[in-house]
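The block underneath contains the structure these notes are about, expressed in C-alpha cells.
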Amino acid sequence: MKIILAAPRGFCAGVNMAVESLELSLQAFGPPVYVYHEIVHNQFVVRTFRDKGAVFVNHLDEVPTGSTVLFSAHGVSPAIRQAAKDRDLQAIDATCPLVTKVHLEAIKYAKAGYTIVLIGHEGHDEVIGTMGEAPEAIVLVEDEADVDRLEVSDESKLAFLTQTTLSVDDAGRIISRLRERFPSIQHPPKEDICYATQNRQEAVAALAKQADAIIVLGSQNSSNSQRLRELGGAEGKPAYLVDGPEDLRADMFQQDMTVLVTAGASAPELVVKQTLDWLEENFQATIQTQTIREENVHFPLPRPLRSLAK
C-alpha cells in the first residue's frame, strides 16, 4: 500500500489556541475547569480533556457560581456572555479570531439596517453564536433552495456572511444563487471561510485523484471534516471519516491501494500517527507526504492566559 499524507492537515491556528487555552486553564486553576460546549468538535480531544478534569456543559446553569468557564473555539452569543456575568463566572474566551470576525461583520451590517443572509448549517455552535449577535436581522440559508424561497423587504439593504467551516464549492454555489436573485447584495471585503478550511479542501481536491480511497481523521460533528469526506467522495472513491484506527477494518482496503490520509482542522496529529501505524502494520504501507500549501498562522492566547504561557 502507498499512503499519500496530505499537508496541510489537522489542527489549525484557532484550534491550537483553544486547546492550549484549556490546557493552561487546567494547569493554572486546577480541575474542574468548565467549558461551554465542546472545546473543539473532536471526540479524542474532548475525551482527553475530560480525563484531565475538564467539564463540558451545554447550559451555563450547570456551572457553579463564581467558577471559571471557557468559551469554545466556535464562539458564543452576547446572551451567553451576559449570562456568564450574571452568574459571576470567570469567562475565558477561546473563540477563534476568524469566527469573531464574522460576529463583528454581523454587528456592523445589523447596525446599518441590513438584512443579513448567513450561509451555514442550522444548529452548529458557530451559527448559533453568530445569529445571536443580531437575531432580528439574520436569516439562515443552508442551500440554493433556501435562497429561492428567500423573501426580503429591502433588496438594497442585503448582505451575506458565511460559516467559517463550509465547503468552498458549496458556499460558492449558494453565493452565486444569491447574486443572481439579488444583484446588489453586499459582502465583507474578505471572505469568511477560514484559511485552514480552504487549504485542507484544496489539498484533498488536488490529491484525491491519485488515490483509490480517502481517510479523513475527524469526528462526525466536525463540519470541516465532513466537508473533506464529501470532497474526497466526489471523486467516486470510498472516503471514510473516522476518529481513529479503531473505526477502520482491514476489509475496507486492498493491499495494492493508494490511500490519501488527511485530517480535519480539529483532529490532533496523534490520531493521524496512530492511523498511519495501523496501515503500516496491516498493509506494509509506505508513506509519502505531499504538501499543497504552507501554513504559518498563529493566534494569541486569550488575555487572561498570556502570562501563563511558557
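Within the bounds of region 224-245, is there any residue that is of a type in the set (S, T, N, Q), surrounded by fewer than 18 Cβ atoms within 10 Å (Cβ to Cβ), at pLDDT 95 or above and not assigned by TED's automatic domain parsing to the domain that holds Arg47? Full working, then the answer.
From region 224-245, those of a type in the set (S, T, N, Q) are 224-226; that's our starting set.
After this cut, where a residue has to be surrounded by fewer than 18 Cβ atoms within 10 Å (Cβ to Cβ) as well, the list is none.
For region 224-245, residues of a type in the set (S, T, N, Q), surrounded by fewer than 18 Cβ atoms within 10 Å (Cβ to Cβ), at pLDDT 95 or above and not assigned by TED's automatic domain parsing to the domain that holds Arg47: absent.
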What number of residues within region 151-187 are at pLDDT below 95, in contact with a Lys or Arg (Cβ under 8 Å, 6 or more places away or on another chain) and in a loop (DSSP other than H, G, I, E, B)? 3
Which pairs do you get when a residue that is hydroxyl-bearing (Ser, Thr, Tyr), found in region 154-181, comes within reach of a residue that is part of a helix (DSSP H, G or I), reach meaning Cβ atoms under 6 angstrom, with the pair 6+ apart or on two chains? Thr162/Ala171; Thr164/Leu98; Thr164/Val99; Thr165/Thr197; Thr165/Ser223; Thr165/Asn224; Ser167/Arg227
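In this structure, does Asp256 turn out to be outside any loop (DSSP other than H, G, I, E, B), over 25 Å from the mean Cα position of the chain (by Cα) and more than 30 Å from Pro97 (Cα to Cα)? Working first, answer last.
Details: outside any loop (DSSP other than H, G, I, E, B): no; over 25 Å from the mean Cα position of the chain (by Cα): yes; more than 30 Å from Pro97 (Cα to Cα): yes.
Against the criterion (outside any loop (DSSP other than H, G, I, E, B), over 25 Å from the mean Cα position of the chain (by Cα) and more than 30 Å from Pro97 (Cα to Cα)), Asp256 does not qualify.
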Out of everything in region 80-94 that is of a type outside the set (Gly, Ala, Ser) and in contact with a strand residue (DSSP E or B) (Cβ under 6 Å, 6 or more places away or on another chain), what residue ends up being surrounded by the most Cβ atoms within 10 Å (Cβ to Cβ)? Ile92
Can you tell me which residue among Val168, Val139, Val102 is buried (at least 20 other Cβ atoms within 10 Å of the Cβ) and not assigned by TED's automatic domain parsing to the domain that holds Leu231? Val102
Of all residues in region 107-141, how many are within 22 Å of the chain's Cα centre (by Cα), in a loop (DSSP other than H, G, I, E, B) and touching a residue at least 24 places away in the same chain (Cβ under 8 Å)? 6
Within region 19-38, is there a residue that is in contact with a His (Cβ under 8 Å, 6 or more places away or on another chain), outside the structural domain of His124 (by TED's automatic domain parsing), surrounded by 15 or more Cβ atoms within 10 Å (Cβ to Cβ) and touching a residue at least 24 places away in the same chain (Cβ under 8 Å)? yes
Residues of region 269-289 being surrounded by 13 or more Cβ atoms within 10 Å (Cβ to Cβ) and not in a helix (DSSP H, G or I), in sequence order, are Ala285, Ile287
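Condition check ((1) out of contact with any strand residue (DSSP E or B) (no Cβ under 6 Å at 6 or more places or on another chain); (2) more than 28 Å from Ser223 (Cβ to Cβ)) across all residues:
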site	(1), (2)
Val242	yes, no
Pro245	yes, no
Arg249	yes, no
Met252	yes, no
Glu269	yes, no
Lys273	yes, no
Phe283	yes, yes
Ile287	no, no
Residue list for region 208-222, restricted to those being under 30 Å from Ser72 (Cβ atoms) and touching a residue at least 60 places away in the same chain (Cβ under 8 Å): Ile215, Leu217, Gly218, Ser219, Asn221, Ser222
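Quick one: in region 42-79, which of the residues that are touching a Gly at 6+ places or on another chain (Cβ under 8 Å) and surrounded by 15 or more Cβ atoms within 10 Å (Cβ to Cβ) is farthest from Pro32 (Cα to Cα)? Outline the logic, then answer.
Filtering region 42-79 down to residues touching a Gly at 6+ places or on another chain (Cβ under 8 Å) leaves 42, 44, 53, 73-79.
Restricting the remaining residues to those that are surrounded by 15 or more Cβ atoms within 10 Å (Cβ to Cβ) gives 42, 44, 73-77.
Working: Asn42: 20, Phe44: 19, Ala73: 19, His74: 21, Gly75: 21, Val76: 21, Ser77: 24 Å.
This residue is Ser77.
Specify which of the listed residues (Gln226, Gln220) is polar (S, T, N, Q), within 15 Å of the chain's Cα centre (by Cα) and in a helix (DSSP H, G or I).
Values: Gln220 fails: in a helix (DSSP H, G or I).
So the residue among Gln226, Gln220 that is polar (S, T, N, Q), within 15 Å of the chain's Cα centre (by Cα) and in a helix (DSSP H, G or I) is Gln226.
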Condition set of a type in the set (D, E, K, R) and in a helix (DSSP H, G or I), scope region 188-217, selection farthest from Leu98 (Cα to Cα): answer is Lys209
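The values are calculated or read from the model by the stated rules, or taken from the named source; none is laboratory data. Since the model is a prediction, treat every value here as computed from it, not as a measurement. Methodologically, a virtual Cβ is constructed for each residue, glycine included, from the backbone with ideal geometry; neighbour enumeration extends over all protein chains shown.
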